[in-house]
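The values are calculated or read from the model by the stated rules, or taken from the named source; none is laboratory data. What you are looking at is a predicted structure, and each value in this text was computed from that prediction instead of being measured. FYI the Cβ positions are ideal-geometry reconstructions off the backbone, even for glycines, and counts take in every protein chain you see. Accessible surface is based on the protein model in full, side chains and every heavy atom, while ligands, DNA and RNA are left aside. Shrake-Rupley method; radii C 1.70, N 1.55, O 1.52, S 1.80 Å.
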Amino acid sequence: MNSFIPHRIRTLNHPLQILICVLAVSFAFASAYALAHYLQWQPEPLVRTTAFVLICLSTKKALGMTPPKALTRQEVVCLSIFSFLLSASIILGYHIVITSGYNGTVADNYIASYTANDIIAFVLIFPGLALTSCHLFHALKRCAYHDTTNNSQPLELAKLGWKWVALLSALIFLAWMPYLLAYWPGFVFGDSGNSIRQALGTQEWSNHFPFAYTLFIKVCLGVAHHLGFSTTTGCALYSLVQMGFMASCFGFMSRWVVARANLDSFWGIVIAIGLSCTPYIATYSIAMWKDPLFSVAIVMLSLLLIDFALTKGRAAKDYRSWLPTFCIALATAILFRSNGLYIAIFILLSLLALIAITSTKHRQNYIRPLISCFITIILCVGITGPGYKVLGVQETPRAEGVGIFLNQMARVVATNGTMTEQEQDYMNQILPLDLYASTYRPGCTDMLKWDEHFNSAALENGFFSHWISMGLRNPLAYFEAWELQTCGFWTINQPLVINYQSNIASGVLRNFHPEYNVENIKYDNKLGMQSIFEFLPHDEWCLPAGLLNWLILYLAICLFLLRRPRLLLGLTPTIGLVFTLLIATPIWYWPRYEAAVYFLIPFYIATFIMLVKHREARTT
């Protein structure tokens, strides 16, 4: 017992030592018990024991901490706010009941009643998480404490070695080939079918599914048809090209991690093998979704931006490939998914903010990248706006961009919330009032906007003014609607998310549902062996997105508190991606919308390592 008591407390009388020790251990056990119960992770005894040990160690550290090792007031406040929000999310998530995510009605997906036990649990969980987060940060701070040498100078980036990049890219590409052969010509979904039909000319042009993505498919199919091959071969060509893009990006990232984190080349091979052999990631390479290419664009933007920050803008001037690669990645993100534009604007604003903390002699390095970023955004807006109109491309339906807002208003009607006569009339224009109770789905807006009586034209007339007025009268209904439609991306204790294993299957694979096949695509297992699907599964468990998002937020806070704000620039694409999902996700949970976050896991780990090894980098 004496070993638990900090040194300065051992100097006190024996009864006080015993009392402090008993109180600390009792608190740690109670906090761990409440946390394990509310997390709903299995096996719960293991979670409880792990939490108990961490809280005990953190409590001991807090009692014995003395200057200069102690945390500053700013650090304690920031980490406490983080712990407060995480604790609140755990309590909220515990009461979110999702039994049928996509089709579930208000009876299937709902908020369970809160009790006094929740207040007690929060009072126990919050201090435990605060102590643990402070303890972990303190350990990181000690490792990076002396990393202030020549902080005003830009870093000279270690070369990646393009032969290494090519080798690792080839390794990843070849490792994915069995997936393509087993699921020939790749994974085709309902979303894919819309773009394929447009590419074949049997359906009108539409930007509902990004038109740039549709053109990419059209090029692949066109090349195959020109050479005398079928649409099936065209889809296979699409898969091969996408595999090439993704493999090149991952090969680059594998070497980037090695170079920036000052690791041995062996770890680059390990990362490449991990990316190539993990079914969850490998399946994206042959998935005919817009998300894989959008996601690798986000990956490249993250790597390029952190290099830009480390060199105080010199990367854009000293490396000829930096600027064109940045513009291409930015344009791909904007053109291949609707939230890409908002991510690009957030990056532009972040670059402007970075100038404020940059010395005058380095500010000239920001001019070309800023102008290029701005021009790329303007050009893409021009293409997706007037450009698409000239080509006769139908605009994205308004309902696609206001899904959460629409569901909030629908919940008010479905649950008999408070409305004025004018608001009732407006909601009746969108959908007959008596249909909301049966049509509203808390986890997704599809059933609402696909209803035959849904009038999308009404959304063009004062939608947000009515949204605001209804929200002021029904704040709880709005918050509950937001909770139920976004919970998969911010909770860490939602059972269906914890055990989620249908990322690919949720797209309703045409490979396994030939009755839906209207594109004359022939699906085949080129490897011949049915047992191959056991080794190359099309679905696999993955880390919950909410857990990753909280870890990324913690990383961002650490970068801020350790006075590494420049490294935050590398997180701007991720932060923009997560933020747009929290305000506009079309469904309560689908990891593919956050595929970039999973792809970037080696990058986040490398950023943590850079906080420790940053001082080893050379300056110029």
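Distance between the modelled labels on residue 81 and residue 501, one decimal in nanometres: 4.1 nm (7 Å Cα→Cβ projection).
Bridgeable aspartates and glutamates around residue 290 (alpha carbons under 15 Å apart, same-chain partners fewer than 8 residues away excluded): 191, 594. Taken over the alpha carbons of region 344-428 as equal point scatterers, the Debye sum produces base-10 log I(q)/I(0) values at 0.15, 0.21, 0.26 Å⁻¹ of -0.78, -0.97, -1.19.
Dimensions of region 501-620 from C-alpha coordinates, computed as largest minus smallest value along each principal axis and given longest first, are 59, 34, 25 Å.
If you count only protein heavy atoms with a 1.4 Å probe, what accessible area per residue comes out for region 362-521, rounded to a whole Å²?
Values: 7620 Å² over 160 residues.
Roughly 48 Å² per residue, with all protein chains present.
Think of a 1.4 Å ball rolled over the protein heavy atoms: region 224-286 then has 33 Å² of accessible area per residue.
Hydrodynamic estimate: the Kirkwood radius of region 156-309 over Cα pairs, inserted into Stokes-Einstein at 37 °C and 0.692 mPa s, corresponds to D of 199 µm²/s.
Calculated translational diffusion coefficient of region 151-246 (10 °C, 1.306 mPa s; Stokes-Einstein with Kirkwood radius over alpha-carbon pairs) equals 102 µm²/s.
Where the eigenvalues come from the Cα gyration tensor of the chain, what are the semi-axes √(5λ) of the equivalent ellipsoid, largest first, in whole Å?
On the way: eigenvalues 335, 228, 127 Å².
They are 41, 34, 25 Å, listed from largest to smallest.
Given the pairs 141/312; 218/389; 317/361; 218/522; 61/141, which span a C-alpha to C-alpha distance of over 21 angstrom in this model? Distance filter (> 21 Å) returns 141/312. Residue ranges 224-232, 582-590 sort as 582-590, 224-232 when ordered by packing (mean number of other C-beta atoms within 10 Å per residue, highest first). In the chain, the sites counted are GluC sites (Glu not before Pro) in DSSP loop states with at most 10 other Cβ atoms within 10 Å, and the longest stretch holding none of them, exclusive of the sites, is 205-451. Overall, the accessible surface of the chain at a probe of 1.4 angstrom is composed of carbon and sulfur to the extent of 65 percent. Of the DSSP H helices in the chain, those that are both long (alpha-carbon extent of 27 Å or more along the helix axis) and hydrophobic (Kyte-Doolittle mean at least -1.0) are 14-39, 44-64, 73-94, 116-144, 162-182, 231-260, 291-310. If R0 is taken as 51 Å, the Cβ-Cβ distance between residue 57 and residue 434 corresponds to a FRET efficiency of 0.30. Per residue, the chain reaches -20000 deg cm²/dmol at 222 nm when only DSSP H runs of four or more residues are counted, each adding -39500 (n - 2.57).
Mind listing which chymotrypsin sites (Phe, Trp or Tyr not before Pro) in region 317-357 are in a DSSP loop and have 16 or fewer other Cβ atoms within 10 Å?
On the way: sites: 319, 322, 326, 336, 342, 346; in loops: 319.
For chymotrypsin sites (Phe, Trp or Tyr not before Pro) across region 317-357 that sit outside H, G, I, E and B with at most 16 neighbouring Cβ atoms in 10 Å, the list reads 319.
For region 448-578, report the % of Cα-Cα distances exceeding 27 Å.
Numbers: 4661 of 8515 pairs.
Beyond 27 Å sits 55 percent of the P(r) for region 448-578.
Placing R0 at 60 angstrom, the Cβ-Cβ distance between residue 117 and residue 461 gives a FRET efficiency of 0.80 after rounding to 0.05.
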